[in-house]
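A short write-up of the structure that comes next.
Values in this text are rule-based calculations from the coordinates and carry no lab data. Note that this is a predicted model, so its numbers are computed, not measured. Using ideal geometry, Cβ is built from the backbone for each residue, glycine included, and neighbour counts are taken over all protein chains shown.
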Amino acid sequence: MQDVNWFKKVIGPDLKNYQVKYKYFEEGDFGSLNQVEFNTEKQGGEIDFWSSGWLGVHLVDYIKGEELINVFLQPHQEKEKNNILKILQELLK
């Protein structure tokens, strides 16, 4: 299962040109929330890792002014989570 620690190990090292912020919220709509925010002048977004297994991924191209990714996946959607995180990794390079 992907979580904020997975992000730090797998995606985090590739974000050398990004400003990265890690946030934690104890009580949210779907349990506690580990949020990772990442930005450059060209693109940015965030990933929401909910303790209940929900996953939110948002990525925006600031130059074109368009959303590249905007998904909110349920706990049982493991295949979709893996796919969207692979897409995110490619777009962040």
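Under a straight-distance cross-link criterion of Cα-Cα below 14 Å, which aspartates and glutamates are reachable from Lys42, leaving out those fewer than 8 residues away in the same chain?
In chain and number order, the partners are Asp61, Glu66, Glu67.
Which net charge results for the neighbourhood of Gly44, defined as the other residues with beta-carbon distances under 10 angstrom from its beta-carbon, given Lys and Arg at +1 and Asp and Glu at -1?
After counting each charged neighbour, the total is -3.
Show me the GluC sites (Glu not before Pro) within region 15-93 that DSSP assigns to loop and that have at most 11 other Cβ atoms within 10 Å of their Cβ.
In loop regions of region 15-93 (DSSP not H, G, I, E or B), the sparsely surrounded GluC sites (Glu not before Pro) are Glu41.
Where a Cα-Cα gap under 15 Å defines reach, which aspartates and glutamates qualify for Lys86, not counting those fewer than 8 residues away within the same chain?
Asp3, Asp14, Glu46, Glu78
Separation between the Ile69 and Lys16 pseudo-spin-labels, each 7 Å from Cα along Cα→Cβ, expressed in nm?
Spacing of the two 7 Å Cα→Cβ label points: 2.1 nm.
Using only DSSP helix segments of four residues or longer, with each worth -39500 (n - 2.57), what per-residue ellipticity at 222 nm results for the chain after dividing by its residue count and rounding to 500?
When only DSSP H runs of four or more count, the value is -7000 deg cm²/dmol.
Dividing the convex hull volume of the Cα atoms of region 4-88 by its residue count, what figure in Å³ per residue is obtained?
For region 4-88, the hull spanned by Cα atoms encloses 90 Å³ per residue.
Among Asn82, Gly53, Gly12, which residue has its Cα furthest toward the positive end of the charge dipole of the chain, with +1 on Lys/Arg Cβ and -1 on Asp/Glu Cβ?
Checking the options against the dipole of the chain, the answer is Gly12.
Please give the charge dipole size of the chain, origin at the Cα centre, charges +1 on K and R Cβ atoms and -1 on D and E Cβ atoms. Round to the nearest 20 debye.
Dipole magnitude for the chain comes out near 420 debye.
Can you work out the FRET efficiency for the pair Glu46 and His76, with r the C-beta to C-beta distance and R0 = 25 Å, to the nearest 0.05?
Calculated transfer efficiency: 0.65.
So which residue, out of Asn34, Asn70, Asn83, gets the largest mean-square fluctuation from a GNM of the chain using Cα contacts under 10 Å as springs?
Result: Asn83 has the largest fluctuation of those listed.
Give the relative contact order (percent, whole number) for the chain; include only Cα pairs under 8 Å separated by 6+ residues.
Reported as a whole number, the value is 18 percent.
When we measure straight from the Cα of Lys64, which aspartates and glutamates land under 13 angstrom away, once same-chain ones fewer than 8 places off are left out?
Glu41
If I model a spin label at Glu37 and Phe25 as a point 7 Å from the Cα along the Cα→Cβ vector, what separation in nanometres do I get?
Result: 1.1 nm between the two label points.
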